[in-house]
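Worksheet for the structure shown next.
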Amino acid sequence: MEHLVRDDVFIGAGPCGLPAATELQRAGLSVAVHEARDRVGGRTWADTIDGAMLEIGGQWVSPDQTALLRTLDRLGLETFPRYREGESVYIVPQGRRTRYTGEMFPVGEDTEREMNRLIEILDKLAAEIGASEPWAHPRARELDTISFHHWLRQQSADEEACNNIGLFVAGGMLTKPAHAFSVLQAVLMAASAGSFSNLVDDGFILDKRVVGGMQQVSQRLAGQLGADVVLSSPVRTLRWPGEDGGAGEGVTAVSDNVTVKARYAVMAVPPNLYSRVSYEPPLPRRQHQMHQHQSLGLVIKVHAVYETPFWREEGLSGTCFGAGALVQEDYDNTNHGDSRGTLVGFVSDEKADAVFELAAGERKAAILPSIADYPGGQALTPADYYESDWGSEEWTRGAYAASYDLGGLHRYGKDQLKPVGPIYWASSDLAAEGYQHVDGAIRLGEATAAGIVARAGKNG
Ligand SMILES: Cc1cc2nc3c(=O)[nH]c(=O)nc-3n(C[C@H](O)[C@H](O)[C@H](O)COP(=O)(O)OP(=O)(O)OC[C@H]3O[C@@H](n4cnc5c(N)ncnc54)[C@H](O)[C@@H]3O)c2cc1C
């Protein structure tokens, strides 16, 4: 067992832990970053599968994600726009396929009016409530104790409009059924992206990708930190002075092979993994309770790679939506400079449960026709096909990120970032702006580092 003494220790070498550690190192402090996996990047991960580079985790960048854009710039990483020329495809609940342009789905006049009305209501709520402290709003309890599904149906009798609006947050973002989270949680999601309109605008929210993949953000930061990042080193125990001990006595992070004694520890992992660590003494009651109310959603990110992006020749952008379809959204995900064409589709929440009941071959046989419903039969025969399985990853256990169960956000939100003695909590799942995204991970990582520097300065 190796024993290290550092100013600060990080648990998790993802897009939150690494920028935070980098900031502390810049401030002249010594750090160590424990990473459970044999790679950095957490939920950002690019791998080459059958000769195709696929981004299995986080990849897209939107124009408001300024912390991420600044980091990309600093690291010398370039971006490229998502292909979106030509027509999109919409599948109506009855299964009919329609080509369209613009942001609004080609729905009937009444449904379009209802969708616009719901977007307007949600935009107003997002602007009024904001992303920083949704729990502090006077209507927080009211909006946190009704599910997004039921609230939408209180606002509108148009089922297609409710399903389409639900899709942008439920299957599309929180990757939980709309009956499993509150309106307040949906409003946080919208406010964290600037507005509900931004969530609806795929040209905004899925604007660009990083040439070579998003994981490089973590890889480059880890490269700069060098030997201070310890891979294959899952932290099993955090020893801290206890509630009455004060921060002066520091904290010890114990992994299988390294022990780090430090003044402060940052748990830069998603909240569903906090309980994988034993705290000695145990955490206070409030944290024990709170952490049980945050869980990850589930989505399968499916890549299908073709010899050419054939849909482009047919005037299609590759952007497709169908709230009732198994693959509810589909995009052109062709790599920068690649002559082959890649489609990426998403199978969310209960639909993911259903296909995970199937054997791998049967699952592919169910998913591919759903992808092909959009651009046409040629999509049935990809050269390469890959389904992500984040739910089986021990050090993640779901995708994309964590959200509270019904009523949890207004009940616990105000305490989610409060340090417990020397232990800090930071991940994209707890961010305000950029919530659930790499941008939010970086923002919260940097803010946590600034908080530690300020506190360390005060404590001398
Ligand atoms: C399929 C998918 C698609 C996504 N798409 C996008 C997108 O297009 N754009 C976007 O911005 N975001 C996207 N995201 C979300 C984005 O990837 C995450 O928000 C981001 O990676 C969170 O960073 P993090 O550092 O907070 O957590 P993580 O990335 O989860 O990193 C946490 C790290 O902690 C490690 N760890 C866990 N427990 C321990 C332990 N006990 N000891 C040591 N290490 C531990 C983990 O191995 C991991 O490396 C997507 C995510 C997924 C899964």
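The values are calculated or read from the model by the stated rules, or taken from the named source; none is laboratory data. Note that the structure is predicted; figures quoted are calculated from it, not measured. All Cβ positions, even for glycine, are placed from backbone atoms using ideal geometry, and neighbour counts span all protein chains on display.
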Inside segment 36-46, can you point out the residues that are near the ligand (Cβ under 9 Å from one of its atoms) and small (Gly, Ala, Ser)? ALA36, GLY41, GLY42
When restricted to ALA127, ALA131, ALA170, the only residue under 18 Å from TYR400 (Cβ atoms) and part of a helix (DSSP H, G or I) is ALA170
Test of understanding: among LEU29, LEU75, LEU69, which residue is modelled with pLDDT of 95 or more and within 15 Å of the ligand (Cβ to nearest atom)? LEU69
Taking segment 238-286 as the search range and keeping residues that are over 21 Å from ARG43 (Cα atoms), exposed (fewer than 14 other Cβ atoms within 10 Å of the Cβ) and among the polar types (S, T, N, Q), which one is nearest to the chain's Cα centre (by Cα)? SER278
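Listed here are the residues, each with its yes/no results for (1) touching a strand residue (DSSP E or B) at 6+ places or on another chain (Cβ under 7 Å); (2) at pLDDT below 95; (3) more than 10 Å from the ligand (Cβ to nearest atom).
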{"residue": "GLU2", "(1), (2), (3)": "yes, yes, yes"}
{"residue": "ASP7", "(1), (2), (3)": "yes, no, yes"}
{"residue": "PRO15", "(1), (2), (3)": "no, no, no"}
{"residue": "HIS34", "(1), (2), (3)": "yes, no, no"}
{"residue": "PHE80", "(1), (2), (3)": "yes, no, yes"}
Does segment 90-112 hold any residues that are within 30 Å of the chain's Cα centre (by Cα) and of a type in the set (Lys, Arg), and which are they? ARG97, ARG99
Quick one: which strands (runs of 3 or more DSSP E) lie wholly within segment 19-123 and hold at least 2 residues that are surrounded by fewer than 23 Cβ atoms within 10 Å (Cβ to Cβ)? 46-49, 52-55, 79-81, 87-91, 97-100
Test: residue in segment 127-141 that is closer than 27 Å to LEU326 by Cβ and either of a type in the set (Ser, Thr, Tyr) or assigned by TED's automatic domain parsing to the domain that holds CYS16 (or both): no
Among the residues of segment 184-197, which ones are in a helix (DSSP H, G or I) and either among the hydroxyl-bearing types (Ser, Thr, Tyr) or modelled with pLDDT under 95 (or both)? SER192, SER197
What are the residues in segment 258-292 that are under 22 Å from GLU35 (Cα atoms), polar (S, T, N, Q) and more than 12 Å from the ligand (Cβ to nearest atom), if any? THR259
Could you identify the single residue in ARG209, ARG220 that is surrounded by fewer than 24 Cβ atoms within 10 Å (Cβ to Cβ), within 18 Å of the chain's Cα centre (by Cα) and within 16 Å of the ligand (Cβ to nearest atom)? ARG209
